[in-house]
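I have placed the structure first, in the form of structure tokens, so that the comments after it can refer back to it.
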Amino acid sequence: MITFERVTKRYDKRNRPALQDISLDIQPGEFVFLVGASGSGKSTFLRLILREERATTGRVIVSGRDVGRLSRWKVPQLRRGMGAVFQDFRLLQSKTVYQNVAFTLQVLGRKNAQIERAVPEVLDLVGLADKMQRYPHQLSGGEQQRVAIARAFVNRPPLLLADEPTGNLDPATSVGIMKLLDRINRVGTTVLMATHDAAIVDQMRKRVVELDAGQMIRDEARGVYGQDHQP
Amino acid sequence: MKLRFILSETFQGLRRNLTMTFAVIITVAVSLTLFGAGLLVRAQVDSMKDYWYDRVEVSIFLCGASSSVPACSLGAVTPEVRGQIEQELNALRPLVQEIYYESKEEAYQRFLEQFKDSPVTQNVTPDALPESFRVKLSDPTKYEVIAAAFEGRPGVEQVQDQRQLLDRFFRLLNGLQVIALSVAVAMLVVTALLVVNTIRVAAHARRREVGIMRLVGASNFMIRMPFLLEAAVSAAIGGLIAVAAIVAAKVFLIDEVLAPSYQFTAFVSWDQIIVILPIIFFTGIVIAMIAAGLTLRRYLKV
């Protein structure tokens, strides 16, 4: 699904690289945690996959496509194959829950009939079927993040990227979000989640990739957040 | 579906930026009206040239008894010299198309006719007016040939090209046209800058939407088209106002006021106006879309 081949990313020449010589393989259907302190390179890692940034050296390959070499007009096509969720939800405040989710399909030029079928379906999946006509400010943080997940997933992309999706949420709400991501993963979607929420990582027992100052220091199947947390 | 989404985004954008939209419409309307006015003056000059150059003549005034130029040192022109001049004119065919001899008496009658309301006629006798050859050229621009042949020739007092009299007038009109077009160009630059700013404001106002559109993989076309259409719609409305202004100028100014008062000359025809209208209409749209397109390249990178 995702392959990093000796990827280094430098934002400028003087400072240390944001990512240094990262090589890694993520198989389709995997659930991977990307952990590390702030500034360890997690966000850069995701931005390289989204082609918000390009690797300075090395190759990032997503679904067989060399992301760095992709011509600019093919980037939208790449992004249609992945959903993305962020700590700050990034919902449109002037649109209802339904409209926020439908927006994804509208900008992709989908037919109305398809939108009217797909949106309630995915809102049902995230458990917000009864709140379709609410506006984001009428929802709790957890509910807003569910809307964001619905929007990212409504197009059924094979890959879901999540950058600190529980960063703004209390632990109980976070558990609900994690259950939802786990459910999405179980239907075959590859999930890559950057986080520094140790409790969640320890609980899920999924593959853990740890970054520290731009270097990959750990890649464990069924890992935990850090040595201190090992049971 | 795609189209409807783009259009609804476009009109939302226009509504949200109502003041800027109006500013663009007005500047487009004013600059295009001036641009049209410039083109109108040019068309006017063209049609007057067509009309007058067919009618202008070169006048060769012959020496009278009181002429003082050196070529007239022998006194009034004799019938023999006059005959020689006519022969020489005939030799210049086909450039010389028509030759008409105007005697002192005819010149006097024409003078009386032209100044019939003026007291000046009382002091003028037929003898005071020069006899002349009126020459029509097949190519009015080749006046120099006639001038070279007859200027200073014994018996010829003066060679006068009516075209030069007209040209002074045309130069005035051309000056007006240059002024109108220069102001129009300046206004079009202002329009372009205004469009750049409008798009920048619109892109900023919609940065969250745009960010999400990019994230979910909307094509550049989908992201940029509403902005481009916003610029195009404003420019088209401004262009329609300018078109209406030009049509109104033709109907109310030229046809109703100028043409009845100045019947001796031709004015711009609808044929010429029909050519001008699409030019000004599309100039506005093209300039607005280019300005918008360049702004978007700068502000909405993938």
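Values quoted throughout were computed directly from the atomic coordinates according to the rules given, and no laboratory measurement underlies them. Owing to the predicted nature of the structure, the values given are computational and were not obtained by experimental measurement. Positions of Cβ are backbone-derived with ideal geometry, glycine not excepted, and every protein chain shown enters the neighbour counts.
Across the alpha-carbon atoms of the range B:162-236, the computed radius of gyration and Dmax are 21.9, 74 angstrom. Pair-distance distribution of the range B:55-131: all C-alpha pairs, bin width 10 Å, starting at 0; shares per bin in whole percent are 16, 41, 33, 10, 0. Evaluating 6.51 cos²θ - 1.76 cosθ + 1.60 at θ = phi - 60° for every residue in the range B:168-185, the Karplus couplings come out as 4, 5, 5, 4, 4, 4, 4, x, 4, 5, 4, 5, 4, 5, 5, 4, 4, 4 Hz, glycine and proline recorded as x. Taking a ≥ b ≥ c as the square roots of the eigenvalues of the alpha-carbon gyration tensor, the range B:127-193 is classed prolate because a/c is 1.5 or more and a/b outweighs b/c.
Name the shape class, rounded, prolate or oblate, that the alpha-carbon gyration tensor gives for the range A:30-115, where a ≥ b ≥ c are the square roots of its eigenvalues, rounded holds for a/c under 1.5, and otherwise prolate holds if a/b is larger than b/c and oblate otherwise. Oblate is the answer for the range A:30-115, as a/c is 1.5 or above yet b/c matches or exceeds a/b. Using the Cβ-Cβ distance between A:Arg14 and A:Arg218 with R0 set to 22 Å, the FRET efficiency from 1/(1 + (r/R0)^6) comes to roughly 0.20. Only Cα sites of chain B enter the Debye sum here, all with the same form factor; the resulting log10 I(q)/I(0) across q = 0.07, 0.11 1/Å is -0.50, -0.79, listed in q order. Computed over the range B:1-113, the P(r) curve from all C-alpha pair distances, binned at 10 Å from the origin, holds 10, 19, 18, 12, 10, 8, 8, 9, 5, 0 percent per bin.
D by Stokes-Einstein for the range A:1-70, Kirkwood Rh over Cα pairs, 25 °C, 0.890 mPa s: 199 µm²/s. Averaging Cα coordinates gives a centre for the range B:162-180 and one for the range B:216-263; these two points are 29 Å apart. Kirkwood hydrodynamic radius of the range A:72-175, from the reciprocal of the average inverse Cα-Cα distance over all distinct pairs: 13.9 Å. For chain A, the extents of the C-alpha atoms along the principal axes are 48, 46, 32 Å, listed from largest to smallest. Once you order the gyration tensor axes a ≥ b ≥ c over the Cα atoms, which shape class does the range B:37-80 get: rounded for a/c under 1.5, otherwise prolate or oblate by comparing a/b with b/c? The shape class here is prolate. For the range B:62-133, applying the loop criterion from DSSP together with a ceiling of 12 other beta carbons within 10 Å to the trypsin sites (Lys or Arg not before Pro) yields B:Lys116. Sites listed here are trypsin sites (Lys or Arg not before Pro) in the range A:15-112 whose DSSP assignment is loop and whose Cβ has at most 13 other Cβ atoms within 10 Å: A:Arg54, A:Lys111.
Here, the range A:74-120 yields an orientationally averaged convex hull projection of 4.0 nm² when only Cα atoms define the hull. The loop-placed chymotrypsin sites (Phe, Trp or Tyr not before Pro) in the range B:211-293, going by DSSP, that have at most 11 neighbouring Cβ atoms within 10 Å of their Cβ come out as B:Tyr262, B:Phe264.
With N counted as the residues of the protein assembly as shown, its alpha-carbon radius of gyration over 2.2 N^0.38 Å works out to 1.71.
When the protein assembly as shown is described by a simple charge dipole with +1 on each Lys and Arg Cβ and -1 on each Asp and Glu Cβ, the residue from A:Ala113, B:Phe11, B:Gln263 located farthest towards its positive end is A:Ala113. For the range B:167-302, a crude dipole built from +1 on the beta carbon of Lys and Arg and -1 on the beta carbon of Asp and Glu, taken about the Cα centre, is about 980 debye to the nearest 20. Computed from the C-alpha gyration tensor, the three semi-axes of the ellipsoid equivalent to the range A:130-197 are 19, 16, 10 Å, from longest to shortest.
Each part gets one Cα centre, and for the range B:41-93 versus the range A:173-206 those centres are 102 Å apart.
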